[in-house]
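**Student:** Sharing a structure here in C-alpha cells format.
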Amino acid sequence: MSTDEPVTGSPARRPTAAERDDAALELARIRDRIDELDTRIVALLNERAVLGRQAGRAKALAGRRAIRDPEREREVLLRVAMANGGPITQADLLSVYRRIVAATRTLETKDRTHDGRSGG
C-alpha cells in the first residue's frame, strides 16, 4: 500500500487548491482557538496555585506540619479521573495532574521556608 492510500484501501484523492486553502484557513482558526485556550489554562493553573498556597497557609496556621497530604492528592486524582471524558487518556491526564500537584507543593514548601526565615 502506498503512503497516499487511506487504510480502507481505496485510492487517495489529492486535495484541490481550494480544499488546501480551506484547510489552511481552518488550521489557522484551530490554532487561534488553541492559543486562546492555552491563555485560559495558564490563568486557571495560576488561580489554582494561589488557592493551593492559601490552603498551605491555612494548614500551617492550623498546626499541620506536613505539606504533603497523600489522601487529599488521591481524592484530587480520583475526581480528575472521574471527570475525564476523553480523548486524553487517563494515564496522560493523571500525569499532568500529578505534576500540577507537585508544583503546588513546591510553592507551599517555598512559602513555608520563606515564612520560617522571616519569622512569620
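**Student:** If I filter region 71-92 for residues that are part of a loop (DSSP other than H, G, I, E, B) and among the charged types (D, E, K, R), do I get at least one hit?
**Tutor:** no
**Student:** Residue by residue through region 10-60, note down the ones that are under 30 Å from Glu108 (Cα atoms) and among the polar types (S, T, N, Q).
**Tutor:** Answer for region 10-60, where residues must be under 30 Å from Glu108 (Cα atoms) and among the polar types (S, T, N, Q): Thr39, Asn46, Gln54.
**Student:** Take the conditions open to solvent by 80 Å² or more (accessible area, probe 1.4 Å), at pLDDT 95 or above and in a helix (DSSP H, G or I) and apply them to Ile100. Does it pass? Working first, answer last.
**Tutor:** Details: open to solvent by 80 Å² or more (accessible area, probe 1.4 Å): no; at pLDDT 95 or above: yes; in a helix (DSSP H, G or I): yes.
Against the criterion (open to solvent by 80 Å² or more (accessible area, probe 1.4 Å), at pLDDT 95 or above and in a helix (DSSP H, G or I)), Ile100 does not qualify.
**Student:** Can you tell me which residue in region 8-47 is modelled with the lowest pLDDT, limited to those that are open to solvent by 80 Å² or more (accessible area, probe 1.4 Å) and not in a helix (DSSP H, G or I)?
**Tutor:** Thr8
**Student:** Tell me which of these Ala55 doesn't satisfy, since it passes every other one: (1) surrounded by 10 or more Cβ atoms within 10 Å (Cβ to Cβ); (2) small (Gly, Ala, Ser); (3) under 14 Å from the mean Cα position of the chain (by Cα).
**Tutor:** Only one criterion is unmet by Ala55, namely (3).
**Student:** Here is a further query. If we keep just the residues of region 56-70 that are part of a helix (DSSP H, G or I) and among the aliphatic types (A, V, I, L, M), which is farthest from Asn46 (Cα to Cα)?
**Tutor:** Leu61
**Student:** Considering each residue of region 70-112, count those that are over 12 Å from Gly56 (Cβ atoms) and among the acidic types (Asp, Glu), and give that number.
**Tutor:** The number of residues fulfilling the criteria is 4.
The values are calculated or read from the model by the stated rules, or taken from the named source; none is laboratory data. Worth saying up front: this structure is predicted, and the values here are computed from it rather than measured. Neighbour counts are summed over all protein chains in view; Cβ atoms, including those assigned to glycine, are modelled from backbone coordinates with ideal geometry. What goes into the accessible areas is simple: the full protein's heavy atoms, side chains included, and nothing from ligands, DNA or RNA. Shrake-Rupley method; radii C 1.70, N 1.55, O 1.52, S 1.80 Å.
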